[in-house]
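Input: a single structure, listed below in structure tokens.
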Amino acid sequence: MESGVLITQYGMACRTDEMHNAGQSENNPMRPSLPRYLPYPAFVGLYLLFDWATYIDPLYGLNITPWNPDPALGLVFWLIYGRKAALPWFIALLAGECLVRGLPAGWPLTLLSSAWLIVGYGTIGEALRRRFSSGDIFDNRRRLAIWAVIVLAGTMLNALGYISLLSLTGKIPPGEWGAAALRFGIGDMVGLVVSMPLIWMLVSERGRARLKETVWRWETLGYLALAMFVLWSVFGSIVRSDYKHFYFLFLPLIWAASRQGLYGTALMVFVLQLGIITMVKWSHAVNLQFYELQLLDAVLALVGFFIGIVVDELRKVADELKHTMRLAAAGEMAAALAHELNQPLTALSTYGKACEYLLERGESGDILKSAIGHMIVESGRAAEVVRRLRDFFRTGAMQLEIIEASALIAGISRQFTPQFHEHGIELVVGQMPALAVNADRLQMELVLRNLLANAQDAVLAVPRGLRRIELSVERLGGGRLRLSIEDSGAGISSTLAARLFEPFVSSKASGLGLGLVLSRAIVEAHGGKLWAEVGNHGIFRFILPLAGTTDSQGEYGEK
Amino acid sequence: MVKSNLTVFIVDDDPAVRDALGLLLGVRGYRTAMFASGEDFLQGWRREWAGCLLIDIRMSGMDGLVLQRRLTELECLLPVIIITGHGDVTLARQAFKAQASDFLEKPFDHDKLMAAIDEAFSREAETRGRLQRQAHSLALLDGLTPREREVMQLVVTGQHNRDIAPLLGISVRTVEVHKARLMDKLGVDNVADLVRISMLDA
């Protein structure tokens, strides 16, 4: 185990799973090299500090306080070091009894009860270690739930044992056994629930980096300030109103959780707890109800963590989806561009070959010169295609140009002619008014290609002779044009229409189900919209803003 | 370099590709003719054109496969080499079904292109030669008298002169005379060749 432990910058240690990250930072010349044994005294010191700072409102002068973040520190230590954490923890407990509380129970009982606590905490620690032997505890809902269950059950059982021990030895009045156990258990539980995630994040290099990245922004100050304000205003009324207004604290919590996920929540919850403790001390509002407040706080923390983790998970899925979409878009664009690239490449290699023969023949005159000139033009044409592909997928930038709708449609239907012909599909292009849009030609072609491919698939389901696809463009008011693609296929049912534009919903065996999603995204990026109409035949339409009126000298007419 | 009466007819709607092909083939000593569309080619086409066709499959207006089909309908003898931007198997199959001589992917390997053109040329020459021989044989068959034709039909079924004679009601000697004359007229000296020519006689 020793070899698996690396000491990090702050004297805490990383487990083997963190080696990767820690190993990277080992190359960092700024990193001070700390002696191996340092984490142990550092742990004891920190533990004592926690103990001392949170030794508030004790019951019978014993270590029965409403908030014990120290076991959280201990458990994180245990998670990293395993059973080797037992001795330092035991020492820290004893030191706490001596220095903070002045040994209220006497040496023999203190030794016994501390040993009992170490066994109890150790059991929780081992249970957690077994469950989370690899990877993070706080990275999905299931793991969070398992952690919460282990912590809740563990602390309560531990409290029962510990208080029974104290009660048997007469340190606690016999009738108070239940209340004391509850208070101690709640104190530990709240301490663990509220502090452990944050401490866990802080001990690893990766966790610290992510925490900083997540919460190091002005917004954090915003929700913390709101939390403090709410706390301050609520607190004045708490004693009198039985926490009637405690729920207001959900506002800053949900703010933090929804914006910054688990990391923001961990900070928020910890700060909130500090605030509550401060308020309790400052207002001297100490009474038994404080424990109820703590319980509310623990629930608040758990709710926050679950929201935070859901937010994190959603964000992760969204990022993955975005990535996949980009890849798919790149794939579709690449297919569209293959044809465009092929022409100049063919011309280029052919000119090149011709030049080779010309040189072989000893030709050096105008023919050679003009062939080379052509080659330069053609490579420019190829480079343009590549540049646009790169631009689009690096920056998502569109290259807008004025395009005649008729030219666009002519270009795309040309590409489909062989396939349509093969399958006996009749393509009807309606009357084309001279309308121009300001659009990215490649992207618009991608949209049309997708829609035509879908239409083709739809009509293939009907017998030959009935296969018909109609393209039409009309001018709408408000400087817009509407392009419709109708096919003689079965059409879109209302159930399908509802899911049509969801990614990865495909009615085709070989489809990724991204075509329509991409198409819609592209059309919307052009300031238009794309939709399907429910009907007895397939109807897709999209609207694009017009680029203003154009003269009707379209090149399409010449072709 | 190559037989000067053979021409490579290039049909491609991309001016750069067309021009480059024209240059390359021109430098290699081929005679070329270029067309921007299938319609243009059909309009200009003459039956006596010889050589081969280089057709891009994806063109505005009439696509390559349609042009190929139209030419087959017109009984054009020019072998067709189809060029395509993507190696689409279904398109290739269709092209070959319609008797394409070759199927090349863009951007092409120029040695393959030359080989394809040369093969198309020889295929065309072969077809043309066969047709010429056929036409010649048909002309010879026309020179036979009805009786000679009757004798020929029976000879090619493998019957002996003495079997044919009673069928036609003439003497064996007369059958022999007819047979010798018709073989002389058709320029054949054995029955096997006679059978081959007689098959042209519908």
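The values are calculated or read from the model by the stated rules, or taken from the named source; none is laboratory data. Since the structure is predicted, the reported quantities are computational estimates derived from the model, not experimental observations. As a convention, Cβ positions derive from the backbone with ideal geometry for all residues, glycine included, and neighbour counts pool all protein chains shown.
Some notes on this structure:
- Just one residue in the set A:Ala329, A:Ala285 is under 30 Å from A:Leu442 (Cα atoms), of a type outside the set (S, T, N, Q) and modelled with pLDDT under 80; that residue is A:Ala329.
- Selected residue [touching an Asp or Glu at 6+ places or on another chain (Cβ under 9 Å) and surrounded by 22 or more Cβ atoms within 10 Å (Cβ to Cβ)] from A:Asn158, A:Asn140: A:Asn158
- Screening the stretch A:159-278 for helices (runs of 4 or more DSSP H) wholly inside it with 3 or more residues that are at pLDDT below 90, among the aromatic types (Phe, Trp, Tyr) and touching a helix residue (DSSP H, G or I) at 6+ places or on another chain (Cβ under 9 Å) returns the ranges A:177-203, A:218-241.
- All conditions but one from (1) within 11 Å of another protein chain (Cβ to nearest Cβ); (2) over 22 Å from B:Glu105 (Cα atoms) apply to B:Arg58; the one that does not is (2).
- The stretch B:70-89, residues that are more than 18 Å from B:Thr32 (Cα to Cα), in contact with an Asp or Glu (Cβ under 7 Å, 6 or more places away or on another chain) and either part of a strand (DSSP E or B) or more than 12 Å from chain A (Cβ to nearest Cβ) (or both): B:Thr84
- The one condition from (1) over 20 Å from A:Gly411 (Cα atoms); (2) within 8 Å of chain A (Cβ to nearest Cβ); (3) outside any loop (DSSP other than H, G, I, E, B) that B:Leu65 does not meet is (1).
- Per the conditions (1) more than 27 Å from A:Leu198 (Cβ to Cβ); (2) surrounded by 21 or more Cβ atoms within 10 Å (Cβ to Cβ); (3) among the aromatic types (Phe, Trp, Tyr), the sole criterion not satisfied by A:Trp147 is (1).
- Any hit, the stretch A:191-198, residues being buried (at least 23 other Cβ atoms within 10 Å of the Cβ) and polar (S, T, N, Q): yes
- Given (1) surrounded by fewer than 23 Cβ atoms within 10 Å (Cβ to Cβ); (2) touching a residue at least 24 places away in the same chain (Cβ under 8 Å); (3) in a helix (DSSP H, G or I), index of the condition B:Val17 fails: (1)
- Check on B:Lys112, outside the structural domain of B:Tyr30 (by TED's automatic domain parsing) and at pLDDT 85 or above: no
- Those residues of the stretch A:343-363 which are under 52 Å from the mean Cα position of the chain (by Cα), of a type in the set (A, V, I, L, M, F, W, C) and within 7 Å of chain B (Cβ to nearest Cβ), in sequence order: A:Leu345, A:Ala347
Residue-by-condition table, conditions (1) more than 28 Å from B:Gln134 (Cβ to Cβ); (2) among the polar types (S, T, N, Q); (3) outside any helix (DSSP H, G or I):
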{"site": "B:Val155", "(1), (2), (3)": "no, no, no"}
{"site": "B:Ile164", "(1), (2), (3)": "no, no, no"}
{"site": "B:Leu167", "(1), (2), (3)": "yes, no, no"}
{"site": "B:Val175", "(1), (2), (3)": "no, no, no"}
{"site": "B:Asp193", "(1), (2), (3)": "no, no, no"}
{"site": "B:Asp201", "(1), (2), (3)": "no, no, yes"}
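- Residues that are surrounded by 14 or more Cβ atoms within 10 Å (Cβ to Cβ) and more than 14 Å from chain B (Cβ to nearest Cβ) number at least 3 in the following strands (runs of 3 or more DSSP E) confined to the stretch A:380-495: A:400-404, A:436-440, A:468-476, A:480-487.
- Once the stretch A:364-379 is narrowed to residues that are free of Cβ contacts under 8 Å to residues at least 12 places away in the same chain and more than 8 Å from every other protein chain (Cβ to nearest Cβ), the residue that is nearest to A:Arg441 (Cα to Cα) is A:Ile376.
- Residue, nearest to A:Thr346 (Cα to Cα), within the stretch B:10-27, restricted to residues that are of a type in the set (A, V, I, L, M) and within 9 Å of chain A (Cβ to nearest Cβ): B:Val17
- Scope the stretch B:90-114; condition closer than 17 Å to A:Glu422 by Cβ and either within 12 Å of another protein chain (Cβ to nearest Cβ) or small (Gly, Ala, Ser) (or both); matching residues: B:Thr90, B:Leu91, B:Ala92, B:Arg93, B:Gln94, B:Ala95, B:Lys97, B:Ala98, B:Ala100
- Qualifying positions in the stretch A:404-421 - free of Cβ contacts under 8 Å to residues at least 60 places away in the same chain and of a type in the set (A, V, I, L, M): A:Leu408, A:Ile412
- Residues within the stretch A:84-136 that are among the hydroxyl-bearing types (Ser, Thr, Tyr) and either on the phi > 0 side of the Ramachandran plot or over 43 Å from the mean Cα position of the chain (by Cα) (or both), tallied: 2
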